[in-house]
Amino acid sequence: MMSRGFLPLLAIVFAVGSAAIAWETDGLRIVTTAGARQLAVERAPLSLPDVGLVDQDGHAFSLSEYKGRPVLVDFIYTRCPTLCGELGDDFHSVLKLMSGTGAARPIDLLSISFDPQNDDREALQLYGDRWGAKARGWRIAAPADDRSLAALLQSFGVVVIADGMGGFIHNSAVYLIDGHGRLARILDPDVPPQLLAQALRSSTP
Amino acid sequence: MNIRLLFIVSWWLAMWLLRATLERDMAVHMTVQVPMLIGLGLLLAAVVRPYELRWLAEADWLGIPGIVAVVFGTSFWMLPRALDEAVADPFFDMVKFLSLPLLVGLPLGLSWRRMPSLGRAFIWANFIPKIAAIGGLYLMAPTRLCAYYRLDQQAVAGWTLILVAVALGTLWFVAAFIGWPPYERKQGSPPYSSSRRRPVRITAGRGHPSRCRER
């Protein structure tokens, strides 16, 4: 016979179990870390720390200099044989798309290397040349120091792991920083460049 | 202190100290560390069974609340995000180290004996294709599901899960059709003989005495 405590116990197990699953999957919407991050940013833009960077021309600048200008950001390392090529191609297409439209405001693209040990100024320059970034609002930069790098990876939610062959594996995404300097959207790199360009254009300065 | 309890706790501590090693690879994480933590809970169940609270044992009618906890717990720790967080955050990993033995292994050990054999068969028949399906998903996913594991590790994890499913499925098939251990063959009678009184045994576990009395 069914005991008296059975239904209450079952109810408790069900409540706790489904609450845990719902919490971990954001109400069955996501199952991955990247998905969770994407959803969180879409709900409320995240503020970012102001970090120091050095670009391919040796100019030191900080992330806050972009305030008032939305910017698309990606994370790369220049020796990357795979994903960073896709990302570079994405930004190249965005540049081509947007420079044709005669947009009033400058196009701001920023590729940040998470491998400052190997990516010196020369390496950044080569990467920029390879993808046609020269002097057209696309900066290839490396963090000024290790603390800036850690703060960047942490705040953008970028996870970099060794690929076992001397390179890295990293989440590849394109990040939109809005005019207020907040992380406003995380876009998959395989969306068409038109969408990336549109995201940049439609973001409020 | 109970020597068996001491063994369980020291094994648990050793696993905690070795957590980085056992989590470096996705397949090892999913098919060695997680099952071992559940196994510690099963051992714990054997130790605490004589001291089980009477009202709790009665509330666990036919082992249903217990097995529901097991299904929730195992599903939770199959989520890629949960694996990621366990690797990245020691606090979250401690949640795993506590929840798998206490909320999955322990209820499994305590409730299993209360479950009717067809119920056990139902759980097995659900669990085995679930592992295979998750393995297939990991294998076929073109992108990485875990931020902390490489795509090749994900594929190895997928294959390992499928192998585990095949192995468990084979074992269970033998148990269901022949009996486990398959001693009936040794007694000279073919397992498919219809003259046997019990040609089919669903699982190896004992029946449920209290249920028999009710009938």
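Laboratory data are not the source of any read-out in this text; all were calculated from the coordinates shown. Bear in mind that the values here come from a model prediction, so they are computed numbers and not experimental data. Cβ sites come from the backbone with ideal geometry, for glycine too, and all protein chains shown count toward neighbours.
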_Between B:L18 and B:L6, what is the label-point separation in nm under the 7 Å Cα-to-beta-carbon projection?_
2.1 nm
*Counting helices only, and only those DSSP H runs with n ≥ 4, report the 222 nm mean residue ellipticity of the protein assembly as shown as the sum of -39,500 (n - 2.57) divided by its residues, in deg cm²/dmol to the nearest 500.*
-16000 deg cm²/dmol
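Averaged over peptide A:4-13, how many Cβ atoms belonging to another chain are found within 10 Å of each residue's Cβ?
Per-residue shielding by partner chains comes out at 6.
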*How much space per residue, in cubic angstrom, does the convex hull of the C-alpha atoms of the range B:71-134 take up?*
69 Å³
*If each of B:V174 and A:E122 carries a label point 7 Å out from its Cα toward its Cβ, how far apart are those two points in nm?*
6.4 nm
*Dipole size in debye (nearest 20) for chain A around its Cα centre, Lys and Arg Cβ +1, Asp and Glu Cβ -1?*
700 debye
_Acute angle (nearest 10 degrees) that the helix A:33-43 long axis makes with the longest principal axis of chain A, alpha-carbon atoms_ = 80 degrees
*Which Cα, out of A:F114, A:H59, A:A150, lies furthest along the positive dipole direction of the range A:47-202 (beta carbon charges, K/R +1, D/E -1)?*
A:H59
*Which of A:T25, A:M2, A:L46, positive extreme of dipole for the range A:1-65 (C-beta unit charges)*: A:M2
*Once phi is turned into ³J(HN,Hα) by the Karplus curve 6.51 cos²θ - 1.76 cosθ + 1.60 with θ = phi - 60°, what whole-Hz value does each residue of the range B:25-34 show in order, with x for glycine and proline?*
10, 5, 5, 5, 4, 7, 10, 10, 5, 4
*In whole angstrom, note down how far apart the Cα centers of the range B:1-32 and the range B:57-74 are.*
24 Å
*Could you work out Rg/(2.2 N^0.38 Å) for the protein assembly as shown, with Rg from alpha carbons only?*
1.27
*Under a point-charge model restricted to the Cβ atoms of Lys and Arg (+1) and Asp and Glu (-1), what is the dipole moment magnitude of the protein assembly as shown relative to its Cα centre, in debye to the nearest 20?*
2700 debye
*Report, to the nearest 10°, how far helix A:193-202 tilts away from the longest principal axis of the Cα atoms in chain A, using its own Cα long axis and a range of 0 to 90°.*
90 degrees
*Can you tell me the FRET efficiency between A:S64 and B:S117 if r is taken as the Cβ-Cβ distance and R0 is 56 Å, rounded to the nearest 0.05?*
0.25
_Angle check, please: helix A:121-130 long axis (alpha carbons) against the longest principal axis of chain A (alpha carbons), in degrees 0 to 90, nearest 10._
90 degrees
